[in-house]
Amino acid sequence: MPHAVIASAVRVPWHSHHGGYDRLLDYLPEARRITAPRGITGQKIATATHHWLRRRCPLPFYPAEHFATDARVLAGRGPAHILYGDEQFWFSRHRLGPTAVTYHQPPARLAGFMPTTNWRRLATRASQIIALAPDQLAFFANHLSEERVHLIPHGIDTAVFTPAGGPETGCRPMLLTVGWWLRDWDVLDMTHDRIHRRYGNDIELVVVTRQAERTWHPAVRVLEGISELTLTQLYRQATAVFLPLTDATANNALLEALACGTPVVATDTGGISYYTGHGSAASLTPPSDAAAAAEAVETLIGELGTAAHAARRAAARERAELFAWPRIADQVRSVYRLLEDER
């Protein structure tokens, strides 16, 4: 490819260093990473300009760092890729070069960001749009032609998140929940209560989150700010990873759990089934249904140590390998070729 793609890469703070969509660029050497300006002077200028222009941007989350990256992309004239269009693609829509934009939020949240007229004005300025889940396709198809919208899934580092032969012998079964964004806390609390009433201290309830200050069931062990190694060990030790959700496109914790060979119980909402498939790697339950979630968790606990549980773990890892970053990078590279053709 004769011209490098410039790619905006604001680092989103997930629980692990190797998690997050910006890891994509590690597998796209032809993309040149653009970040916010360094140095006190550059930061001060970006902050002051952001303070002046922020009121003209309708995006609900548009901090100074994202504005600074947006401005640097605006100044470039070659092909560009905005990795987090939900938070960065506003002023850079006026750039002269062809631009691909990835969107992460579910359609309902995107629709709530701005009026339809604003979305039509914004989306049509993107040369190509990358959607992470099938239900996003219809949202963007309302604003631009179908051939300019591409379904390319989120990826996972399958070399970092790996199985370790199953839960350790002699350890208590563990139900692990990871994350905070779009989590259904009511279903989580009710499921924790039912599991604890049935099993007591014979099962460990663990939550890794950035919202540790909320009120939790007394039996829950809440962890915050742990290392990636500790997180990976928890995934490997868990009997199941429980992800009650209110909505979703892709989900980092889901892909990390599958890559570690851990079966998942998750809400069947948004793009979740697109990532889990309909095999034994995951049990999907209806939205807001705590009873169904608890039953699915109890099934996995009952299977622990059996051939059925081992098969689930193998299926989880096999599913995750479909989303290994090299595979995803190849698909994104095809969009970059379209940008080059347009240029």
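The values are calculated or read from the model by the stated rules, or taken from the named source; none is laboratory data. Being a predicted model, the structure only gives us computed values, none of them experimental. FYI the Cβ positions are ideal-geometry reconstructions off the backbone, even for glycines, and counts take in every protein chain you see.
Restricting attention to the range 249-269 and to residues that are among the polar types (S, T, N, Q) and surrounded by 24 or more Cβ atoms within 10 Å (Cβ to Cβ), the residue that is nearest to Ala164 (Cα to Cα) turns out to be Thr262. Would you confirm, using the coordinates I've provided, whether Leu137 is in the same structural domain as Asp330 (by TED's automatic domain parsing), closer than 30 Å to Thr99 by Cα and not in a helix (DSSP H, G or I)? When the stated conditions are applied, Leu137 does not pass them. The numbered conditions (1) at pLDDT 65 or above; (2) in contact with a helix residue (DSSP H, G or I) (Cβ under 8 Å, 6 or more places away or on another chain); (3) more than 29 Å from Thr232 (Cα to Cα) are all true for His3 except (1).
State the number of residues belonging to the range 214-229 that are surrounded by 13 or more Cβ atoms within 10 Å (Cβ to Cβ) and closer than 23 Å to His17 by Cα. Of the residues in that region, 5 qualify. Taken over the range 310-338, the residue count meeting the criterion of being aliphatic (A, V, I, L, M) and over 22 Å from the mean Cα position of the chain (by Cα) is 4. Going by what's in this entry, would Leu258 be described as in a helix (DSSP H, G or I), within 17 Å of the chain's Cα centre (by Cα) and in contact (Cβ under 8 Å) with a residue 24 or more places away in the chain? Yes; evaluated as a whole, the condition is true for this residue.
From the list Glu256, Glu228, Glu224, the one residue that fits, being in contact with a strand residue (DSSP E or B) (Cβ under 8 Å, 6 or more places away or on another chain), at pLDDT below 95 and not aromatic (Phe, Trp, Tyr), is Glu224. Would you confirm, using the coordinates I've provided, whether Ala71 is without any contact (Cβ under 8 Å) to a residue 12 or more places away in the chain and either more than 18 Å from Leu339 (Cβ to Cβ) or in a loop (DSSP other than H, G, I, E, B) (or both)? When the stated conditions are applied, Ala71 does not pass them. What residue, among those in the range 53-67 that are hydrophobic (A, V, I, L, M, F, W, C) and farther than 17 Å from Pro115 by Cβ, is farthest from the chain's Cα centre (by Cα)? If we take residues in the range 53-67 being hydrophobic (A, V, I, L, M, F, W, C) and farther than 17 Å from Pro115 by Cβ, then Leu53 is farthest from the chain's Cα centre (by Cα). Evaluated against (1) of a type in the set (S, T, N, Q); (2) at pLDDT 95 or above; (3) in a loop (DSSP other than H, G, I, E, B), Gln211 falls short on exactly one condition, (2). Residues that are in a helix (DSSP H, G or I) and buried (at least 19 other Cβ atoms within 10 Å of the Cβ) within the range 180-189 comprise Val187, Leu188, listed in sequence order. Would you mind stating whether Asp341 is assigned to a helix (DSSP H, G or I) and either within 20 Å of the chain's Cα centre (by Cα) or in contact (Cβ under 8 Å) with a residue 24 or more places away in the chain (or both)? Judged against the criteria, Asp341 is not a match. Residue count for the range 120-134 under the criterion of being in a helix (DSSP H, G or I), crowded, with 18+ Cβ neighbours inside 10 Å and within 22 Å of the chain's Cα centre (by Cα): the result is 1. When Ser227 is tested against the conditions (1) touching a residue at least 40 places away in the same chain (Cβ under 8 Å); (2) over 14 Å from the mean Cα position of the chain (by Cα), the lone failure is (1). Residues in the range 270-285 that are touching a helix residue (DSSP H, G or I) at 6+ places or on another chain (Cβ under 8 Å) and surrounded by fewer than 21 Cβ atoms within 10 Å (Cβ to Cβ): Tyr274, Gly277, Gly279, Ser280, Leu284.
Are any residues in the range 8-32 outside any helix (DSSP H, G or I) and at pLDDT 85 or above, and if so, which ones? Answer for the range 8-32, where residues must be outside any helix (DSSP H, G or I) and at pLDDT 85 or above: His18, Gly19, Gly20, Leu28, Pro29, Glu30, Ala31, Arg32.
Give the residue that is surrounded by the most Cβ atoms within 10 Å (Cβ to Cβ), with candidates limited to residues of the range 286-311 that are without any contact (Cβ under 8 Å) to a residue 24 or more places away in the chain and not in a helix (DSSP H, G or I). The qualifying residue surrounded by the most Cβ atoms within 10 Å (Cβ to Cβ) is Gly305.
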